[in-house]
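What follows draws every value from the coordinates through simple rules; no lab data is involved. Since the structure is predicted, the reported quantities are computational estimates derived from the model, not experimental observations. Cβ coordinates were reconstructed from backbone atoms using ideal geometry, including for glycine residues, and neighbour counts include every protein chain displayed.
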Amino acid sequence: MALRVFTTIRRPRFIDALAEVLGIACILAGLGLGASFLVGGSSEYSDLALGSGLILGAILATQARGALSNVLLKPGLFRGRATVGHDGVGVTRLRADVFVSYANIANVRVDRFKRQVVLESKDGGVVGFRVAEPKVVAAEVTRRLELARQRELTRPIPTFDESREHVGRWIGRARQLLSGGFRHGVTTAGHLADLAADPNAEPEQRIGAALALRDAPQPVRMRVCAAAEEAARPDLGEALTQAVEGEIDEELLARALET
């Protein structure tokens, strides 16, 4: 599945508060318009005047508030993005970016009032981001979440779990996994390709498998590159591509392993 990128609105909270105040002001202005009909009309038609005024005021208030919301939903300077990949959802924020894997998502919902997509994590955390069409984005995340839950996890390789002990040594061991210089159990190029392309696998497993495949046949390496293009986890896609091509920036690798 191709990576999908949606534009988000990263607004400071005070702007949302201002929008709510202006929305209430629109409603009060509508009610005031209805009251003016009552004061200006004759007593004989006061009830009709009041009813008509309130209806007209409500319509005007709704239209004004809707127009205000549309203006404030324009990204402008607060443009961000939500990246929906085969491994999870990445969201750019004003302070720091965040990534939520499908394995950690318990529920996806839409906050209609704020026009937000809300990701509820299994650990109790909540990640929300605002988009112009939250239902469309929520449906896409839900669809991919269900697919992720149906996938079977590729058997991990214990060697790749040692990435945080010494990165340089870990890279060397991963690269020798198929060459015979270092072996931990029995594995094949096919298994490594499955592991590198598995969106449910941990980053160290995927990158380690890609490192081991640097001398594999081109169709195998192309499969890893294709999977890298579908990753939403920050820096993971680039790390996978560099790893399978034989050259990798250790700083990039460290960032990919930390997320």
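Computed extension length for D194-E229: 11.1 nm, one decimal, from 0.36 nm per residue of separation with the Cα-Cα distance subtracted. Counted residue by residue at 0.36 nm each, then reduced by the alpha carbon distance between them, the extension gain from R81 to L28 reaches 15.5 nm. A Förster distance of 51 Å, applied to the separation of the beta-carbon atoms of H166 and R143, puts the FRET efficiency at 0.80. Here the calculated FRET efficiency for V118 and M222, from their Cβ-Cβ distance with R0 = 41 Å, stands at 0.65, rounded to the nearest 0.05. Where in segment 208-225 does the label zone of L153 land, with the point 7 angstrom along Cα→C-beta and an amide N cut-off under 19 Å? Answer for segment 208-225: 208-210. Residues of segment 229-259 with amide nitrogen under 13 Å from the 7 Å Cα-to-Cβ point of A103? Within reach of a label on A103: 259.
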